[in-house]
C-alpha cells in the first residue's frame, strides 16, 4: 500500500502554501512558518464567557511549524514519526512495547480484542470482567462487543475508584479479569489489585486514558496490568488532536495489537511471530490477513505532535499538581462538598466536586451559576453508567449495591485542569459555591 495519502484538506493547504510563496518574494520559510503562525497566535482573543474552560490548547508554535513542514513532504499516513513517538512513549512510561492508535477508545478496543483472540490468554465469550460503575462508555463497550459479561462494583466515595474491599467478594467462578479505570488522573490502588489478580489468576487491565503521568510507588499507572490504554485527545494531558496508545510488556499481545491495528494483516510483524510466520515474499506478506482486525491507525500529524508534546509532559504535570494544591487548600475543609482523595501521585485530569449538606440535590443551581460566570463543568466521567439507555445491550450483573455511585451521579461534577496557572479561576469557583452554600443555609 502506498505510504502517502491525499485527504480532503491536503490540496487546500498546499495551495495556500504556494500562494504564500508567491506573496513572500522568495522568503517563504521565514514568512510562512514564523511570522504567519506568530501573528495567528497573537491575534487570538479570550472571550469573557470562557473565563474557565474545561481545558486549553497546549500546542505552541513548534507543533504548528512541524505540521506545516510535514504536509509539504506528502508523508501523512502512519510512518516514522508514529514509530518514534511509540519508542519515546516506552521510554517515558517504562514499558517494553507501545502501539499508537487513533484514540483511547480504539486502544481499549484492541486490548480486549487481542486478549480474546490470543489463545495464550484464557478469555472467551461468556466470561466475566469486574468493572467500576463509574467509567467512560468506550471503557465498557469492547467488553460487550466481544461477548463478555460485566460485573459492576461500587466506587470508593473518597477516591472515586474501585472499593478494593468489595473486589474479593465480587469475584465469581466466571470472573477472568478486572478492568481498573483510573478516574480523573487518580490511580486505583493498583498494588492491591495486582495482588488480588495474582492470587485469583485474573487479568488486570488498565484504562489509563485520564491518568497519564500518575504514579503509585514511583511506577506509572497504565503499567501495572497486562496492558494499559492512554488517550491524547484535546482535553487530555498531552494533545495529538486525536490519538491513543497501548502499552504492554507482553510480546505476544504486542504482536496481536500490531496486526489488529491494521486490517489484521501480517505486514507489520517480524518474520517470526506468535500469530503467523511470514513467507519471506513481500508480495504475499504485505497482504496476508490472519486476524479479524480494524483500521484504527494514527497518522503522521498525530505522531509528530506526540513527540513534541511528550517533551513538555513534565512541565504540564508540574503545573497541574500546583493547581491541585490550590484546589485542595480551597475545598479540603469545606463541609458543603467532597473532593477526590489522592492515591499515590495523581496527574489531576480535573477536579471533582460532590455536593453535600446544604447543597445536596442542588447541583443544577450550582452548575447554572458557574456557567453564568463562564466556568465550564462536566459530569464526573459518565456518572452512574448503568443509568444510560445503552445498558440494555449489555450482559451484566451488579455486586450488592451502587450507593456511592448513585450519590456521585446525583450530586457530582468536575471542573477542568491543564498546564495554565488556574489560581484565579479556582478562587472564583470557591467564591461562587461558598455564596450559594450561604444562600441555602
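The values are calculated or read from the model by the stated rules, or taken from the named source; none is laboratory data. Quick caveat, the model's predicted, so the values are computed rather than measured. Because the Cβ atoms are built from the backbone with ideal geometry, glycine has one as well, and the counts that use them run over all protein chains shown.
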Any hit, region 291-308, residues being within 24 Å of residue 183 (Cα to Cα) and either crowded, with 17+ Cβ neighbours inside 10 Å or at pLDDT 95 or above (or both): yes
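Residues are listed down the side, and each one gets a yes or a no for (1) in contact (Cβ under 8 Å) with a residue 12 or more places away in the chain; (2) assigned by TED's automatic domain parsing to the domain that holds residue 140; (3) in contact with a helix residue (DSSP H, G or I) (Cβ under 6 Å, 6 or more places away or on another chain); (4) not in a helix (DSSP H, G or I):
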{"residue": "342", "(1), (2), (3), (4)": "yes, no, no, yes"}
{"residue": "364", "(1), (2), (3), (4)": "no, no, no, no"}
{"residue": "367", "(1), (2), (3), (4)": "yes, no, no, no"}
{"residue": "392", "(1), (2), (3), (4)": "no, no, no, no"}
{"residue": "404", "(1), (2), (3), (4)": "yes, no, no, no"}
{"residue": "424", "(1), (2), (3), (4)": "no, no, no, no"}
Boolean, residue 346 is touching a residue at least 24 places away in the same chain (Cβ under 8 Å) and crowded, with 17+ Cβ neighbours inside 10 Å: yes
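Could you say whether any residue in region 271-290 is under 23 Å from the mean Cα position of the chain (by Cα), part of a loop (DSSP other than H, G, I, E, B), surrounded by 17 or more Cβ atoms within 10 Å (Cβ to Cβ) and in the same structural domain as residue 118 (by TED's automatic domain parsing)?
No, region 271-290 contains no residue that is under 23 Å from the mean Cα position of the chain (by Cα), part of a loop (DSSP other than H, G, I, E, B), surrounded by 17 or more Cβ atoms within 10 Å (Cβ to Cβ) and in the same structural domain as residue 118 (by TED's automatic domain parsing).
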Condition met for residue 268 (in contact with a helix residue (DSSP H, G or I) (Cβ under 7 Å, 6 or more places away or on another chain), under 29 Å from residue 241 (Cα atoms), without any contact (Cβ under 8 Å) to a residue 60 or more places away in the chain and part of a loop (DSSP other than H, G, I, E, B)): yes
Subset tally (residues that are within 18 Å of residue 348 (Cβ to Cβ), in contact with a strand residue (DSSP E or B) (Cβ under 7 Å, 6 or more places away or on another chain) and part of a loop (DSSP other than H, G, I, E, B)) for region 197-212: 3
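Okay, residues lined up against (1) without any contact (Cβ under 8 Å) to a residue 24 or more places away in the chain; (2) more than 19 Å from residue 222 (Cα to Cα):
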residue	(1), (2)
254	no, no
258	no, no
262	no, yes
273	yes, yes
276	yes, yes
285	yes, yes
Test for residue 98: is it under 27 Å from residue 206 (Cα atoms), outside the structural domain of residue 274 (by TED's automatic domain parsing), in contact with a helix residue (DSSP H, G or I) (Cβ under 7 Å, 6 or more places away or on another chain) and buried (at least 19 other Cβ atoms within 10 Å of the Cβ): no
Test result for residue 191, touching a helix residue (DSSP H, G or I) at 6+ places or on another chain (Cβ under 8 Å), outside any loop (DSSP other than H, G, I, E, B) and closer than 30 Å to residue 320 by Cβ: no
Condition met for residue 65 (on the phi < 0 side of the Ramachandran plot and surrounded by fewer than 13 Cβ atoms within 10 Å (Cβ to Cβ)): no
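Residue-wise test of (1) modelled with pLDDT of 95 or more; (2) surrounded by fewer than 24 Cβ atoms within 10 Å (Cβ to Cβ); (3) not assigned by TED's automatic domain parsing to the domain that holds residue 341.
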{"residue": "134", "(1), (2), (3)": "yes, no, yes"}
{"residue": "138", "(1), (2), (3)": "yes, yes, yes"}
{"residue": "141", "(1), (2), (3)": "yes, yes, yes"}
{"residue": "148", "(1), (2), (3)": "yes, no, yes"}
{"residue": "156", "(1), (2), (3)": "yes, yes, yes"}
{"residue": "165", "(1), (2), (3)": "no, yes, yes"}
{"residue": "170", "(1), (2), (3)": "yes, yes, yes"}
{"residue": "173", "(1), (2), (3)": "yes, yes, yes"}
{"residue": "191", "(1), (2), (3)": "yes, yes, yes"}
